[in-house]
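Below is one structure, written out as structure tokens, with a few remarks after it.
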Amino acid sequence: MSLPRPSTDDGRAALDTLLAEPTGALAAFDFDGTLAPIVDDPRTSAPFPGIVERLADLAGRVGSVAVVTGRPAATAVRLGKLDRVPGITVLGHYGAERWTDGRVLSADPPPGVELVRRELPGLLDSVGAPEGTWIEDKGRSLAVHTRRTADPDGALALLAQPLAALAERAELRVEPGRMVIELRPQGVDKGAALTDLVRSTRARTVLYAGDDLGDLPAFDAVADLRAHGVAGLTVCSSSDEVTAVAEAADLVVPGPAGLCDLLADLTAAIRAPGA
């Protein structure tokens, strides 16, 4: 397959720069919905077949490869077997954790997380959360999933205001996603995490791929980095559930399968003479 071209001038310029100077590039990726298909139970998530091998191939050709996820960093590494990718950095909890070389560095979570942990089950009971609603405890945050309910969108609408009120009382922020609402600490997001990673790696080009609303701050960070001389390319792993990310992206691929193909094409283009 031939390497697809971004639909925007900035995206095309960034891709050309990446191909011309791959060792100056950072390639960063969301996990769920991007490297791994969305599943009903995120505890059973697994990367799209072959995509981690494609990441490993790319890691040998570009300056840095990273995963930026809302999951705990060690969980993403375990589920994705990401330690197979040479030199990879995994930023978990939207950048509050950093996994490199088998070690996780992080600060203690704020006290509001424990408050939510105590009160969330009772809150769901009190508002009549439908059967199939369940809580995912991520350690530094808690997420309420509705994908297993009979009406996931209706369940989200029912829970949105009570969860927002609980988050405000706990001094946390609400992060909406694909059939999920997460309550997590303020002051961290994928945009800040990506910006810090670009600066620490001294990348001259950045590629970021994501699929959900939580990835939009990273897209915004790419736009800001462009204004400071870093070429940037945003890629959407598209779905029917979220359209805002595709509308904001320079390049859209059909889900994790499409991203897997893109990684293969990108690595082949870097290898090609004159690329």
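Any read-out appearing in this document is the output of simple, stated calculations on the displayed coordinates, not a laboratory observation. Bear in mind that the values here come from a model prediction, so they are computed numbers and not experimental data. Cβ coordinates were reconstructed from backbone atoms using ideal geometry, including for glycine residues, and neighbour counts include every protein chain displayed.
Let me see the P(r) profile for the chain: every Cα-Cα distance counted, bins of 10 Å, each bin given as a percent of all pairs.
Values per bin, smallest distances first: 7, 30, 35, 19, 7, 1, 0.
Take the chain, mark every one of the GluC sites (Glu not before Pro) that falls in a DSSP loop and has at most 14 other Cβ within 10 Å, then report the longest stretch left between them, sites excluded.
1-130
Along the charge dipole of the chain, Cβ charges K/R +1 and D/E -1, which of 162, 245, 128 sits furthest on the positive end?
245
State to the nearest 20 debye the size of the charge dipole of the chain about its Cα centre, where the only charges are +1 on K and R beta carbons and -1 on D and E beta carbons.
That gives the chain a dipole magnitude of about 900 debye.
Ignoring everything except DSSP H segments at least 4 long, calculate the 222 nm mean residue ellipticity for the chain; use -39,500 (n - 2.57) per segment, divide by total residues, nearest 500.
The per-residue figure over the chain is -12000 deg cm²/dmol.
State the antiparallel share, in %, of DSSP beta bridges confined to the chain, rounding to the nearest 5.
Rounded to the nearest five, the antiparallel share is 50 percent.
Within region 146-206, list the trypsin sites (Lys or Arg not before Pro) lying in a DSSP loop whose Cβ has at most 11 other Cβ atoms in a 10 Å radius.
Passing both the DSSP loop test and the Cβ count: 202.
Which whole-number percentage describes the relative contact order of region 78-143, with Cα contacts under 8 Å and a sequence gap of 6 or more?
The value is 21 percent.
5 Å is the cut-off here: which amide hydrogens, built 1.01 Å from N in the peptide plane, fall below it relative to residue 38, excluding neighbours closer than 5 in sequence?
Those qualifying (amide H under 5 Å, at least 5 residues apart or on another chain) are 33.
Go through region 230-237 residue by residue and turn each phi into a ³J(HN,Hα) via Karplus (6.51, -1.76, 1.60, θ = phi - 60°); whole Hz please, and just put x for glycine and proline.
9, 5, x, 10, 9, 10, 9, 8
Pairing the Cα long axis of helix 190-201 with the longest principal axis of the chain, what angle in degrees results, from 0 to 90 and rounded to the nearest 10?
Helix 190-201 sits at roughly 40 degrees to that axis.
Suppose every Lys and Arg Cβ carries +1 and every Asp and Glu Cβ carries -1, with no other charges. What dipole size does region 112-185 come out with about its Cα centre, to the nearest 20 debye?
Computed about the Cα centre, the dipole is about 220 debye.
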